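Engineer: This is the structure, below, for whatever I ask next.
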Amino acid sequence: MRSAQAEKNAGKVLRKVFGFILFFLIGSLFGAFAFLIFFWFRPAQVIVPDVAGMSVDRAKQVLQSAGLRVGQVHGEGVVRFTVPQEKSKVRKGRTVNLFCEEARKLIVPNLVGAPRETAETILQSMGFKVRIVQMPFKGADGRVMGIHPPAGSELKKGDEVSILIDVGEPGRD
């Protein structure tokens, strides 16, 4: 009886070992198949081009022609670096963020006494948004009486500058 029980136990152990080996082989085959599929059909890779020193518009063109997407643009002006870094291998279609020089500070000029058209032209050519505030006052019509923020203030391109314009004496029609 003991030998029959031992044979029965040995048969169970042998079946478990063969089952384990069979499952191990099948799993290995599936793993190898998945590994090969991944390398055969993986996305194309590209190298991130060096766009440092280029304008943002030109850098966008270069990155898009390389098969990459442009994500966030930090700062203004000339591109300093990208993330991921230039010469990195990345998947085609990956998003690249641009980091540019900080926004250049512009100094508000003193235009008090200048004609309205001249002041407006100067401020717009510097890159400021101009807001006209008209006020009746004794003196020469159409001249700048004040400016806000005050002359000498540092602003970024696109910031608003208000100019106070004399529109003639109060109560005069």
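Engineer: If I ask for residues that are open to solvent by 50 Å² or more (accessible area, probe 1.4 Å) and in contact with a strand residue (DSSP E or B) (Cβ under 8 Å, 6 or more places away or on another chain), which ones from the stretch 102-119 would you list?
Structural biologist: Across the stretch 102-119, the qualifying residues are ARG104, LYS105, ILE107, ASN110, VAL112, ARG116.
Engineer: Oh, and also: Looking at the stretch 52-70, can you tell me whether even one residue there is in contact (Cβ under 8 Å) with a residue 60 or more places away in the chain and within 30 Å of GLY158 (Cα to Cα)?
Structural biologist: No, that holds for no residue.
Engineer: Oh, and also: Looking at PHE81, PHE99, which is the one that is within 21 Å of GLY158 (Cβ to Cβ), among the aromatic types (Phe, Trp, Tyr) and part of a strand (DSSP E or B)?
Structural biologist: Criteria check complete, one pass: PHE99.
Engineer: Another question about this same structure. Could you look through the stretch 153-173, keep only residues that are among the basic types (Lys, Arg) and either within 26 Å of GLY75 (Cβ to Cβ) or at pLDDT 90 or above (or both), and pick out the one that is least open to solvent (accessible area, probe 1.4 Å)?
Structural biologist: LYS156
Engineer: If GLU117 satisfies all but one of (1) among the charged types (D, E, K, R); (2) assigned to a loop (DSSP other than H, G, I, E, B); (3) touching a Gly at 6+ places or on another chain (Cβ under 9 Å), what's the number of the condition it fails?
Structural biologist: (2)
Engineer: So for the stretch 12-35 (the condition being part of a strand (DSSP E or B) and open to solvent by less than 50 Å² (accessible area, probe 1.4 Å)), does at least one residue qualify?
Structural biologist: no
Engineer: Something else: Can you name the residue in the stretch 123-139 that is aliphatic (A, V, I, L, M) and exposed (fewer than 15 other Cβ atoms within 10 Å of the Cβ) and, of all such residues, is farthest from the chain's Cα centre (by Cα)?
Structural biologist: Among residues in the stretch 123-139 that are aliphatic (A, V, I, L, M) and exposed (fewer than 15 other Cβ atoms within 10 Å of the Cβ), the one farthest from the chain's Cα centre (by Cα) is MET135.
Engineer: Would the stretch 115-127 turn up any residue that is of a type in the set (Ser, Thr, Tyr) and over 30 Å from ILE165 (Cα atoms)?
Structural biologist: Checked the stretch 115-127: no residue is of a type in the set (Ser, Thr, Tyr) and over 30 Å from ILE165 (Cα atoms).
Engineer: Moving on. So for the stretch 66-75 (the condition being within 25 Å of MET126 (Cα to Cα), modelled with pLDDT of 90 or more and open to solvent by 40 Å² or more (accessible area, probe 1.4 Å)), does at least one residue qualify?
Structural biologist: No - not one qualifying residue is present in the stretch 66-75.
Engineer: From the list VAL46, VAL96, pick out the single residue that is more than 15 Å from the chain's Cα centre (by Cα) and either closer than 30 Å to VAL167 by Cα or touching a residue at least 40 places away in the same chain (Cβ under 8 Å) (or both).
Structural biologist: VAL46
Engineer: State whether one or more residues within the stretch 140-152 are open to solvent by 90 Å² or more (accessible area, probe 1.4 Å), in contact with a strand residue (DSSP E or B) (Cβ under 7 Å, 6 or more places away or on another chain), more than 29 Å from ARG58 (Cβ to Cβ) and modelled with pLDDT of 90 or more.
Structural biologist: Yes; the residues of the stretch 140-152 include at least one that is open to solvent by 90 Å² or more (accessible area, probe 1.4 Å), in contact with a strand residue (DSSP E or B) (Cβ under 7 Å, 6 or more places away or on another chain), more than 29 Å from ARG58 (Cβ to Cβ) and modelled with pLDDT of 90 or more.
The values are calculated or read from the model by the stated rules, or taken from the named source; none is laboratory data. Keep in mind it's a predicted model, so treat the numbers as computed, not measured. Cβ sites come from the backbone with ideal geometry, for glycine too, and all protein chains shown count toward neighbours. Please note that ligands, DNA and RNA were not included when accessible areas were found on the heavy atoms of the full protein model with its side chains. Shrake-Rupley method; radii C 1.70, N 1.55, O 1.52, S 1.80 Å.
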